[in-house]
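Undergrad: Please read through the structure below; I'll follow up with questions.
The values are calculated or read from the model by the stated rules, or taken from the named source; none is laboratory data. Here the structure is a predicted model, which is why all the values come from computation and not from measurement. Cβ sites come from the backbone with ideal geometry, for glycine too, and all protein chains shown count toward neighbours. Ligands, DNA and RNA are excluded from the accessible area calculation, which covers all protein heavy atoms including side chains. Shrake-Rupley method; radii C 1.70, N 1.55, O 1.52, S 1.80 Å.
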Amino acid sequence: MTQRRLAEVAAKVGVSEATVSRVLNGKPGVSDATRSAVLTALDVLGYERPTQLRGERARLVGLVLPELQNPIFPAFADVVGNALAQRGFTPVLCTRTAGGVSEADYLELLFEQHVSGVVFAGGQYAQADASHEHYHQMIRRKLPAVLVNAAVEDLGFPRVSCDDAVAVEQAFGHLVALGHRRIGAVLGPTDHMPSRRKLAALTVCAERAGVELAEEHAMFSLEGGQAAATRLVQRGVTAIVCASDPLALGAIRAVRRQGLRVPHDVSVVGYDDSAFMTCTEPPLTTVRQPIEAMGRAAVELLANQIAGTSVATEELLFEPELVVRSSTAPAPR
């Protein structure tokens, strides 16, 4: 390693260049904590470890997210990042973008950085029709991981989820209590596992209540929500349950573009209770995911795996909470 890089690593860790040199050359006289900090600094700065040290995993943890435009994902990253830091791990944020680096490519990069584990939120494991080969590769390499929110069943990783069925039962029950008899649902793509769970629960709720249910599927974006909600409004629904807050904001825009009002003509319920939903017009009624508890549980499950503790792969379901604001009202007469 060049003198400049040696100095850069030393400055990052707060030790002398001589100490960094001792670590890199496997010399004694360095504490385990300092040694670990130097190796982590190498990984963070993007420098290759010496050959004799490459078999050891760094105290880096990959955090793989599908996007950052939905405020729920930065909020989740904040919770997970803080929980990891408290345990001495450094998060490496990987965000997928359309036409950009794929989840599988990110995973290969994380392998090269010798990460200790990975937390996934909203990944391809939630899409039944997507490729799951990179997850099986992780299992073969024995890399610890935790999946957040509903996944296909055969992957074998610990899972932490908000209970989709309870979430839509709360939203649907609220709308039925307000007198709505024609309710629409804006869900994610048809192969999206959380949306499948929501639709199954909504179907049961509608049958029990004797209420007409219409569903539309969309990409997770404001524009997708607007297009799907436009079709539902044209079908005569008086209330719409959405699978995310951005979808709900798109639904509100759709209602207004039809010359109608929220909530006087059409009520709208979101899902997540992400940042700024109190600042929308009207403030959004939504179902809150307990991301603080979910994020900390995910980190605890991952840390236990990294420490060699056996962890059950059964899904942990967390209870959501209906937050009633001003985007819902009694059904129009």
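Undergrad: I'd like the accessible area for C279, computed on protein heavy atoms only with a 1.4 Å probe and all protein chains in place. Round to 10 Å², please.
TA: Here the accessible area works out near 100 Å².
Undergrad: Also, I was wondering about something else. Choose one answer from Q289, Q127, Q69: the residue with the largest mean-square fluctuation in a GNM of the chain with alpha-carbon springs under 10 Å.
TA: Q69
Undergrad: Now a separate question. Which chymotrypsin sites (Phe, Trp or Tyr not before Pro) in the stretch 249-333 pass both tests, a DSSP loop state and at most 14 other beta-carbon atoms within 10 Å?
TA: Counting only loop positions with at most 14 other Cβ atoms within 10 Å, the chymotrypsin sites (Phe, Trp or Tyr not before Pro) in the stretch 249-333 are F276.
Undergrad: How many times 2.2 N^0.38 Å is the alpha carbon radius of gyration of the stretch 3-45?
TA: That ratio works out to 0.98.
Undergrad: If you average the alpha carbon positions of the stretch 18-53 and of the stretch 156-203, how far apart do those two centres end up, in angstrom?
TA: Measuring centre to centre over Cα atoms gives 49 Å.
Undergrad: How far apart, in nm, are two points set 7 Å out from the Cα along the Cα-to-Cβ line at A200 and at L109?
TA: 3.5
Undergrad: By how many degrees, between 0 and 90 and to the nearest 10, does the Cα long axis of helix 245-257 differ from the longest principal axis of the chain?
TA: 30
Undergrad: Heavy atoms only, probe 1.4 angstrom, no DNA, RNA or ligands counted: give me K142, K12 ranked by accessible area, highest first.
TA: Accessible-area ranking of K142, K12, largest first: K142, K12.
Undergrad: By how many degrees, 0 to 90 and rounded to 10, does the Cα axis of helix 164-177 deviate from the longest principal axis of the chain?
TA: Value to nearest ten degrees: 30.
Undergrad: Then there is this: If R208, R4, R22 are ordered by their accessible area, calculated over protein heavy atoms with a 1.4 Å probe, which sequence runs from highest to lowest?
TA: Result of the area sort, largest leading: R208, R4, R22.
Undergrad: Same structure, new question: What does the extension gain come out to for L68 and R140, with contour length at 0.36 nm per residue minus their alpha carbon separation?
TA: Result: 22.9 nm gained on full extension.
Undergrad: Next question, about the same structure. Can you give me the C-alpha center-to-center distance between the stretch 91-116 and the stretch 271-333, rounded to a whole angstrom?
TA: After rounding, the separation between the Cα centres reads 25 Å.
Undergrad: For helix 291-306, what angle does its Cα long axis make with the longest principal axis of the chain, in degrees from 0 to 90 and rounded to 10?
TA: 30
Undergrad: As an exercise, use a Förster radius of 41 Å and the Cβ-Cβ distance of A128 and A18 to find the FRET efficiency, rounded to the nearest 0.05. Walk me through the intermediate numbers first.
TA: Numbers: r = 55 Å, r/R0 = 1.34.
Efficiency, rounded to the nearest 0.05: 0.15.
Undergrad: Can I ask one more? Could you work out the longest stretch of the chain that avoids the GluC sites (Glu not before Pro) located in DSSP loops with at most 14 other Cβ atoms within 10 Å?
TA: Result for the longest clean stretch: 154-313.
Undergrad: While we're looking at this one, here's another question. How many nm separate the modelled label positions at R256 and R235, each set 7 Å beyond the Cα in the direction of the Cβ?
TA: 2.5
Undergrad: Okay, helix-only estimate at 222 nm for the chain: each DSSP H run of n ≥ 4 adds -39500 (n - 2.57), divide by all residues, round to 500 deg cm²/dmol; what do you get?
TA: One gets -13000 deg cm²/dmol as the mean residue ellipticity at 222 nm.
Undergrad: Now, a different point. Accessible area per residue of the stretch 164-289 at 1.4 Å probe, in Å²?
TA: 39
Undergrad: Ok, one more. Taking the Cα centre as origin and putting +1 on Lys and Arg beta-carbons and -1 on Asp and Glu beta-carbons, what dipole magnitude results for the chain, to the nearest 20 debye?
TA: Dipole about the Cα centre, nearest 20: 500 debye.
Undergrad: When N counts the residues of the chain, how does its alpha-carbon radius of gyration compare numerically with 2.2 N^0.38 Å, as a ratio?
TA: Cα-based Rg divided by the globular estimate yields 1.17.
Undergrad: Compute a Gaussian network model of the chain, connecting alpha carbons closer than 10 Å, and tell me which residue from A150, A227, A18 fluctuates the most.
TA: Evaluated over the chain, the most mobile residue of the options is A18.
Undergrad: While we're on this one: List the aspartates and glutamates whose alpha-carbon lies under 14 Å from that of K27, not counting same-chain residues fewer than 8 positions away?
TA: By straight Cα distance, K27 reaches E17.
Undergrad: Could you please state how large a percent of the accessible area of the chain is carbon and sulfur, counting protein chains only and using a 1.4 Å probe?
TA: Of all accessible area on the chain, carbon and sulfur atoms account for 51 percent.
Undergrad: Using only the Cα atoms of the stretch 164-289, build the gyration tensor, take square roots of its eigenvalues as a ≥ b ≥ c, and label the shape rounded, prolate or oblate: rounded if a/c is under 1.5, else prolate if a/b is larger than b/c, else oblate.
TA: Values: a/c = 1.29, a/b = 1.13, b/c = 1.13.
Taking the square roots of the gyration eigenvalues as a ≥ b ≥ c, the stretch 164-289 is rounded.
Undergrad: Which value, in Å² and to the nearest 10, is the accessible area of V44 when all protein chains are kept and the probe is 1.4 Å?
TA: Counting only protein heavy atoms, V44 exposes about 70 Å² to solvent.
Undergrad: How long is the gain from Y47 to A11 if the chain were fully straight, where each residue apart is worth 0.36 nm and the alpha carbon distance is subtracted?
TA: Stretched out fully, the Y47 to A11 stretch lengthens by 11.5 nm.
Undergrad: Sort S31, S310, S116 from largest to smallest accessible area, using a 1.4 Å probe on the heavy atoms of the protein chains.
TA: Result of the area sort, largest leading: S310, S31, S116.
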